[in-house]
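**Student:** First the structure, then my questions, so here it is.
The values are calculated or read from the model by the stated rules, or taken from the named source; none is laboratory data. All figures in this text were calculated on a predicted structure; none of them were measured in a lab. With ideal geometry, Cβ positions are generated from the backbone for all residues, glycine too; neighbour counts draw on all protein chains shown. Calculation scope for accessible area: heavy atoms of the full protein, side chains included, ligands and nucleic acids excluded. Shrake-Rupley method; radii C 1.70, N 1.55, O 1.52, S 1.80 Å.
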Amino acid sequence: MHTIPEAALTAGASAELMIPGPAGRLEALLATPKGALTGVCVICHPHPLFGGTMTNKVVWALSNAALKCGLRTLRFNFRGVGRSEGLFDDTIGETADALAVADALRATAPTLPLVIAGFSFGGHVALKAASRTDTAALVTIAPPMGRYLKTTEPPAHPGVPWLAVHSADDDVVSYAETRAAFATYTPPPQFVHFDGAGHFFHGRLGELESAVRAFLTPLLAVP
């Protein structure tokens, strides 16, 4: 059994939800594609202490790309953000949040693949979550690998196809640190390099969506 109302799962439906999490309820936005369902996708948002929420435009672009690939998407606010309960926990609790949300979403379509995606802080959390659960693919956009790897062991390789996207002129997350961290994984993620997109991909969201769709389409039974 799953905790998501059946009415929210019909083709083309969207719904605001509160999903049980390890530190309390988590605020979420669910969307189901209008066409055939190919899988489900959880999307993690940027840093909670710097204004990151599930309505961030890069998170929205990830959701839009996933929907166009036939994935039911679930964006959610980490603990302590918006109406989500709990307190910031420096990726540890947030990873537990992502896993709880993934379990709830996967229960709506248990035979279909799960994709986990995330932007910035959420990209790092997505990697940690994907390495701890059964996923079909991982998408990370500008994850701050170097910053978060200074005091903890690197997350394990998820063992599934992994897309990483980063702009060389990112002024928030170090491109060089992230590329160096990716090079330590075997195999490294499939990497898409942007120039002039900054951290937030201003004016480049369409290109970002295209890169994500190009990665996901061959992995899914997209009609």
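**Student:** Looking at segment 67-115 only, could you name the residues that are on the phi > 0 side of the Ramachandran plot and hydroxyl-bearing (S, T, Y)?
**Tutor:** T91
**Student:** Of all the residues that make up segment 1-31, how many are in contact (Cβ under 8 Å) with a residue 40 or more places away in the chain, surrounded by fewer than 16 Cβ atoms within 10 Å (Cβ to Cβ) and not polar (S, T, N, Q)?
**Tutor:** 7
**Student:** Only one residue in T91, T133, T111 is out of contact with any helix residue (DSSP H, G or I) (no Cβ under 7 Å at 6 or more places or on another chain) and among the polar types (S, T, N, Q). Which one?
**Tutor:** T111
**Student:** Which ones in segment 159-185 are aromatic (F, W, Y) and either over 18 Å from the mean Cα position of the chain (by Cα) or open to solvent by 70 Å² or more (accessible area, probe 1.4 Å) (or both)?
**Tutor:** Y175, Y185
**Student:** Moving to a separate point now. Search segment 32-48 for residues being aliphatic (A, V, I, L, M) and surrounded by fewer than 20 Cβ atoms within 10 Å (Cβ to Cβ), and hand back the single one that is farthest from T95 (Cα to Cα).
**Tutor:** A36
**Student:** Still on this structure, I have one more. If I filter segment 186-223 down to residues being open to solvent by 40 Å² or more (accessible area, probe 1.4 Å) and of a type in the set (F, W, Y), which single residue comes out as farthest from A136 (Cα to Cα)? Show your work before the answer.
**Tutor:** Taking segment 186-223 first, the residues open to solvent by 40 Å² or more (accessible area, probe 1.4 Å) are 186-188, 190-191, 193, 195-196, 200, 202-204, 206-207, 210, 213-214, 217-219, 221-223.
With the extra rule that they be of a type in the set (F, W, Y), the set shrinks to 191, 200.
Working: F191: 17, F200: 26 Å.
So the residue we want is F200.
**Student:** When you check A156 against the structure, is it crowded, with 17+ Cβ neighbours inside 10 Å and either among the aliphatic types (A, V, I, L, M) or under 26 Å from L71 (Cα atoms) (or both), yes or no? Even if it seems obvious, please write down each step before you answer.
**Tutor:** Working: crowded, with 17+ Cβ neighbours inside 10 Å: no; either among the aliphatic types (A, V, I, L, M) or under 26 Å from L71 (Cα atoms) (or both): yes.
So A156 fails the test.
**Student:** Do you know which of the residues in segment 9-39 that are among the polar types (S, T, N, Q) and part of a loop (DSSP other than H, G, I, E, B) is farthest from V59 (Cα to Cα)? Full working, then the answer.
**Tutor:** Taking segment 9-39 first, the residues among the polar types (S, T, N, Q) are 10, 14, 32, 38.
Subset that is part of a loop (DSSP other than H, G, I, E, B): 10, 32, 38.
Details: T10: 22, T32: 16, T38: 20 Å.
This residue is T10.
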